[in-house]
Amino acid sequence: MNINVRILTKSVAQQYAFKRIVTFSTKPTQQAAAAAVPQQQEVTGSTVRRPIVPAHYRFVYPEFLPDPKVEWRNTIREKLERLDMLDRRRQIELPEFYVGSILAVTSSDPHAAGKTSRFVGICIHRERCGLRARFILRNVIDHQGIEVVYELYDPTIQKVEVLRLEKRLDDSLFYLRDALPEYSTFDENMEVESLEEGAPVPVNDIKVVLRPRPWLERWERQNLLGVANIEQYIKDKHRKSSEKAQKPWEKYDLMKQYRATIPEEEQKEIFAEVHTELHTLELQRKRNKRKRTFVKPKHLA
Amino acid sequence: MNQADVSKLISQLRIAVRPNKRHLKNVDGPEGRLLKLRKTVTALVKHERIELFYNRADEARGYAELLISNAIRHGDRHKATMELADYWLLEKQLVHKLFKVLVPRYENSNISYTRMFKAPRDYPGIFYRKSVLELRGNPFPVLTPDNSQNRNLLHNVLLDEARKEFRREKLANLANKLAAETENATPSTPAQVPVTEQPEQSEEAPKA
Amino acid sequence: MLRTVLSDLARLRLSGGACSVTQVREKGHLSRPRLRNPYWFIRQQRLQTDDQVTGENRSFIKEVIHDTYGTPALIKGVQTYEQKQLIKTDEAPISTEPWTPNVRRCGLIARKIGQYPLWLKNGERIRTTLLQVVDNHVIKYIPPEEYKPTHQPNVKNLNRYGCVLVGAESTNPALLTKEYCGIFRDSGVMPTKNLARFIVSPQAALRPGTPLNVGHFRVGEFVDVRGKTVYHGFQGVVKRHGFKGMPASHGVTKTHRRPGNIGGGGEKGRVWPGTKLPGHMGNRWRISKGLRIWRINTKYNVMWVQGSAVPGSTNGLVYIYDTILPLRKPQEAPPLPTLYEQPEDEAPDDIWYEQVHNFKDETISFKPE
């Protein structure tokens, strides 16, 4: 064997050294914890017991996970951003909510009559991470569809109330723009429908009815679960083109998924850093909730 | 993108990952690209050491690593993982090898499952970079001779001597200090204060 | 280009000492990216090969490095070495002359670590870029009378200014060449990955070994940030200059992303110099001037600077200077020559500009009139 070989790992690692936190253990069990604990001790210099981070945190606080695009990552920037987010969360209750939940947001507005404005609507989209995290609320007011984009960490937001906590079948509900208006009409004076403590977040499996074409997007290509009558409006040519646009191999493209996610070890490290703070804030929120008078949930007016 | 996908939870890879994929020119588009990589991954699992073009090896490496890591993580009772193995391993007997041979082999390892080496180009020939991709713990003889124990190389001999001298000087310093402490009354300065690192700097320089 | 130079030379010889002016129409040679450093530059990294050093000797080399420069440490968020022997106080400043508005101070080497929004107290959202000052140390000061650089920087009255050499990010000297390590020998500073020279007034001279921190600048002041823009390769006119292109349909053929007409006819029947055409995009040194510092974090040596268009990629190097814009120059004396951090100070981690909303403060609300 006269193969002139050279170990690659070193040079490649230097080439692509993006200062990522690399914890060399994929095992989600005790091993990873054992590997991670000494690191933590090095930083803090004291024996800190690692809190156990609940598994659902990545759904409740997705904005704490950084953008997975490697070129834009920097551990110190991410850390500073998380500290700022926690500082803001100490000032205002930012409750758990999902796409499909109905929210009421009160924000200071220099042009409004009382210098504050309140908007009720369904959350149709959540995007971006860190301090840029934002969501879109949609409602129909005076037969006119209204959408407002709110930044979650904007200090002019005074109050975020979750009127009805639920999920929908899809990850974003942009198709409500092409649906009949009754599906995105919500009463402004809606009251809070409280869930039982510890109960899982219900999934609303309502199927919305779309208006006839033309649509804003080609919904037939998006494999939507929450739409009832897509078949009614599409012709054979649409069916064919949508079949062509499908990418069934993407669910096997492991590297594509890897590049779009934050690895489990890193997620653990991030949430271990913010977990205690978030947990105390959650407890505080629960205590405040109990103080309020109980209102029997009423259905949509 | 701007937000991480939270629907999936994947273990961290122990290899350096490129920020973007290579397209690996293919007439059948992304599906054809994956087919090409499936063939490579299958060959890797089958033969445990393969020689191929660098780009394709580097791309296939990540998929092989993730396949093994998923198999370790979820085991063979997990439907999605089985589907993945079925897709990535074109020869079905290799699915058994993945779960019965490779998973036990790598279960307790905390380094990468594969290794990659740069191989020389054949001349005259196709001018693409070549490489060797292998699974760790394969039965073949190692590719890189371990030369780290060769004490008779000139720089190792010199460094050995420098090390001995360094230790000697440190001991002398320590002894001086102790002596000075015991004779507290007489404020005499220790004989040798600075530890010179001249010898090993001259050692490091020739390697430049 | 070569032809122009040759013709210039020929003309010089013909004119015989008399002053002659040649008009150079080619602008490309002024801003063309240099592909390699000049031959007299000292090579920084040594050739990486497998040394075949035994494990014992490897650890011995490491031990010597730790013995000379201190153990590896995480200082202000940057992985470096404890260099305890270095100057950390202003015991003996080189010059005690007071500050005047014309004093040129030293700059800093920083990394652009990303950008995120901040909010002002009036509710306005601003975009900021985060610059982290990475382990900066002064390596050398050359007084004005000795400073005769081979390549003259474009500074007016250069003979009045000295030069401060600053290094950033200390690294293992075994990875560098002997010649490069020679630059650091007299300073006592560990060899660094990055170097920069700053043209300074003699009042702002610094002693070798002085650490430079983000406290060198103050919140609310304006800075110029110099960096190398992201390289995009050879790009067309739509991406490079933001042309609109032409419609995709409606009878348009073969001209969807092309520049269209590039010149007139008649007497001006040629392509005028400076016409926007396809070419290399990015990879140029650019300075964004007059950026306000909104916030400073002394714990991680980070400053938040106005705007999200600071030249360079994330995690790329940038150089920070006092601004040269006359109306944005500081009115009061900034720390001269620099701010020496005292370890016993109980300074706050975060320093906010008065107009910026601190996230620890209460929600912004507007008072009704």
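Derivation of every value follows stated rules applied to the coordinates shown; laboratory data play no part. Fair warning: this is a prediction, and the values are worked out from it, not measured in the lab. Here Cβ is always computed from backbone atoms with ideal geometry, including for glycine, and neighbour counts include all displayed protein chains.
If you count, for every residue in C:111-118, the Cβ atoms of partner chains within 10 Å of its Cβ, what is the mean?
That average works out to 6.
Taking H as built 1.01 Å from N, whose amide H comes closer than 5 Å to the amide H of A:Lys167, not counting residues under 5 places away?
Residues meeting the criterion, in which the H sits 1.01 Å from N, are A:Val203, A:Asn204.
If each of C:Lys178 and A:Arg134 carries a label point 7 Å out from its Cα toward its Cβ, how far apart are those two points in nm?
Placing both labels 7 Å along Cα→Cβ, they lie 5.9 nm apart.
For C:Cys163, which sequence-distant residues (separation of 5 or more, or a different chain) have an amide H within less than 5 Å of its own amide H, given hydrogens modelled in the peptide plane?
HN-HN under 5 Å from C:Cys163: C:Ile142, C:Val200.
What base-10 log of the normalised intensity I(q)/I(0) is obtained for segment A:54-291 from the Debye formula, alpha carbons as equal point scatterers, at q = 0.14, 0.18 Å⁻¹?
-1.09, -1.48
Assign one of three labels to the protein assembly as shown, namely rounded, prolate or oblate, based on the Cα gyration tensor with a ≥ b ≥ c the square roots of its eigenvalues; rounded applies when a/c is under 1.5, prolate when it is not and a/b is larger than b/c, and oblate otherwise.
Since a/c stays below 1.5, the shape of the protein assembly as shown is classed as rounded.
Would you mind ranking C:His216, A:His125, C:His151, C:His137 by Cβ crowding within 10 Å, fewest neighbours first?
Arranged by neighbour count, lowest to highest, C:His216, A:His125, C:His151, C:His137 become C:His151, A:His125, C:His216, C:His137.
Report the residue, chosen from C:Val214, C:Val271, C:Val305, that carries the largest GNM mean-square fluctuation when chain C is represented by alpha-carbon nodes joined by springs under 10 Å.
Most flexible of the set in this elastic network: C:Val271.
Enumerate the amide H contacts of C:Leu212 below 5 Å, restricted to partners 5 or more residues apart or on another chain; note that Pro and chain-start residues carry no placed amide H.
C:Asn136, C:His137, C:Val138
With +1 on each Lys and Arg Cβ and -1 on each Asp and Glu Cβ, and nothing else charged, work out how big the dipole of segment B:29-135 is about its Cα centre, in Debye to the nearest 20.
120
Do the sum for chain B: with -39,500 (n - 2.57) for every DSSP H run of n ≥ 4, divided by all residues, what is the mean residue ellipticity at 222 nm, to the nearest 500 deg cm²/dmol?
-14500 deg cm²/dmol
Going Cα to Cα from A:Lys286, which aspartates and glutamates come in below 14 Å? Please leave out same-chain ones fewer than 8 positions away.
Here the aspartates and glutamates satisfying the reach criterion relative to A:Lys286 are A:Glu93, A:Glu96, A:Glu161, A:Glu196, A:Glu197.
Could you tell me which residue out of B:Gly32, B:Ile126, B:Gly75 lies farthest along the dipole of segment B:29-135 toward its positive end? Charges go on the beta carbon: Lys and Arg +1, Asp and Glu -1, centred on the Cα centre.
Among B:Gly32, B:Ile126, B:Gly75, the one farthest towards the positive end of the dipole of segment B:29-135 is B:Ile126.
In nm, what is the difference between 0.36 nm times the number of residues separating A:Ser241 and A:Ala55 and their Cα-Cα distance?
Extra length from A:Ser241 to A:Ala55 when fully extended: 63.0 nm.
Report, to the nearest 10°, how far helix C:55-69 tilts away from the longest principal axis of the Cα atoms in chain C, using its own Cα long axis and a range of 0 to 90°.
Value to nearest ten degrees: 80.
Pick from C:Pro273, C:Pro72, C:Pro101: which is most flexible by mean-square fluctuation in a GNM of chain C where alpha carbon atoms under 10 Å apart are linked?
C:Pro273
What is the list of residues in segment A:121-144 whose amide nitrogen lies under 18 Å from a point 7 angstrom out from the Cα of C:Phe366, following Cα to Cβ?
What the label zone holds, given the 18 Å backbone N cut-off, is no residue at all.
List B:Leu143, B:Leu35 from most exposed to least, where exposure is judged by having the fewest other Cβ atoms within 10 Å.
Ranked by crowding around the Cβ, least crowded first: B:Leu35, B:Leu143.
Taking the alpha-carbon distance from B:Lys79 and a cut-off under 19 Å, which lysines remain once sequence neighbours fewer than 8 residues away in the same chain are dropped?
Of all the lysines, those that pass the test against B:Lys79 - Cα under 19 Å, at least 8 places apart if same chain - are A:Lys251, B:Lys8, B:Lys92, B:Lys97, B:Lys100.
Show me, for segment B:9-18, the HN-Hα J-couplings you get by feeding each phi into the Karplus relation (A = 6.51, B = -1.76, C = 1.60, θ = phi - 60°), rounded to Hz, glycine and proline as x.
With coefficients 6.51, -1.76 and 1.60, one gets 10, 10, 6, 5, 7, 9, 10, 6, 10, 5 Hz.
Counting only DSSP beta bridges with both residues in chain C, tell me the antiparallel percent, nearest 5.
The antiparallel fraction comes to roughly 100 percent.
To the nearest Å, what is the center-to-center distance of segment C:312-369 and segment C:114-136, using C-alpha atoms only?
Taking the Cα centre of segment C:114-136 as reference, the centre of segment C:312-369 is 10 Å away.
For A:Lys235, list the lysines whose Cα falls under 17 Å from its own Cα; do not include residues on the same chain fewer than 8 positions away.
A:Lys244
Given a Förster distance of 60 Å, report the FRET efficiency between B:Lys8 and B:Ala172 from their Cβ-Cβ distance, rounded to the nearest 0.05.
0.45
How far, in nm, would the chain grow between C:Ile262 and C:Asn159 when pulled straight, counting 0.36 nm per residue and subtracting the alpha carbon separation?
32.6 nm
How far is helix C:2-15 tilted, in degrees, relative to the longest principal axis of the Cα atoms in chain C, given as a value from 0 to 90 rounded to the nearest 10?
Once rounded, the angle reads 80 degrees.
Kindly flag which residue pairs out of B:Lys170/C:Lys193; A:Lys115/A:Lys159; C:Lys193/C:Lys289; A:Lys79/A:Lys268 have an alpha-carbon separation exceeding 20 Å in this structure.
Beyond 20 Å: B:Lys170/C:Lys193; C:Lys193/C:Lys289.
Taking R0 as 41 Å, what FRET efficiency do you get between B:Lys79 and A:Glu191 from their Cβ-Cβ distance, rounded to the nearest 0.05?
The value I calculate is 0.45.
For C:Trp40, C:Trp99, C:Trp352, B:Trp88, what ranking results if the residue with the fewest other Cβ atoms within 10 Å of its Cβ goes first?
Going from least to most buried by this count: C:Trp40, C:Trp99, C:Trp352, B:Trp88.
Across segment C:293-302, in residue order, what do the Karplus-derived ³J(HN,Hα) couplings come to in whole Hz, using 6.51 cos²θ - 1.76 cosθ + 1.60 with θ = phi - 60° and x for Gly and Pro?
8, 8, 7, 9, 10, 7, 5, 10, 6, 10
With θ taken as phi - 60° and the coefficients 6.51, -1.76 and 1.60, list the Karplus ³J(HN,Hα) couplings across segment A:64-78 in order, rounded to whole Hz; mark glycine and proline as x.
6, 7, x, 5, x, 5, 4, 5, 9, 8, 7, 5, 5, 4, 4
Can you work out the FRET efficiency for the pair C:Val271 and B:Ile50, with r the C-beta to C-beta distance and R0 = 41 Å, to the nearest 0.05?
The calculated FRET efficiency here is 0.15.
Let's see if you can work this out: charge +1 on each Lys and Arg Cβ, -1 on each Asp and Glu Cβ, no other charges. What is the dipole magnitude of the protein assembly as shown about its Cα centre, in debye to the nearest 20?
So the magnitude is around 3760 debye.
What size of dipole, in debye to the nearest 20, comes out for chain C about its Cα centre when the only charges are +1 on Lys and Arg C-beta atoms and -1 on Asp and Glu C-beta atoms?
Result for chain C is approximately 2800 debye, rounded to the nearest 20.
For A:126-132, what's the mean count of beta carbons from other chains sitting within 10 Å of each residue's beta carbon?
Counting Cβ atoms of other protein chains within 10 Å of each residue's Cβ and averaging gives 4.
Per 20 Å bin, what is the whole-percent P(r) computed from every C-alpha pair distance within chain C?
In whole percents, the pair-distance histogram is 21, 48, 27, 4, 0.
Based on the mean of other beta carbon atoms within 10 Å per residue, what is the order of B:154-165, B:66-77, most packed first?
Result, highest mean Cβ count within 10 Å first: B:66-77, B:154-165.
Averaged over peptide A:153-161, how many Cβ atoms belonging to another chain are found within 10 Å of each residue's Cβ?
Rounded to a whole number, the mean comes out at 5.
Tell me what chain C gives for mean residue ellipticity at 222 nm when only DSSP H runs of n ≥ 4 count, each as -39,500 (n - 2.57), the sum divided by the residue total, rounded to 500 deg cm²/dmol.
Result for chain C: -3000 deg cm²/dmol, rounded to the nearest 500.
Which percent of Cα pairs goes in each bin when the distances of chain B are cut into 5 angstrom slices starting at zero?
With a bin width of 5 Å, the distribution comes to 1, 6, 10, 12, 12, 10, 8, 6, 6, 6, 6, 5, 4, 3, 2, 1, 0, 0.
With a 10 Å cut-off between alpha carbons and a GNM built on chain B, which of B:Leu24, B:Leu90, B:Leu171 moves the most?
Answer for the Gaussian network model of chain B: B:Leu171.
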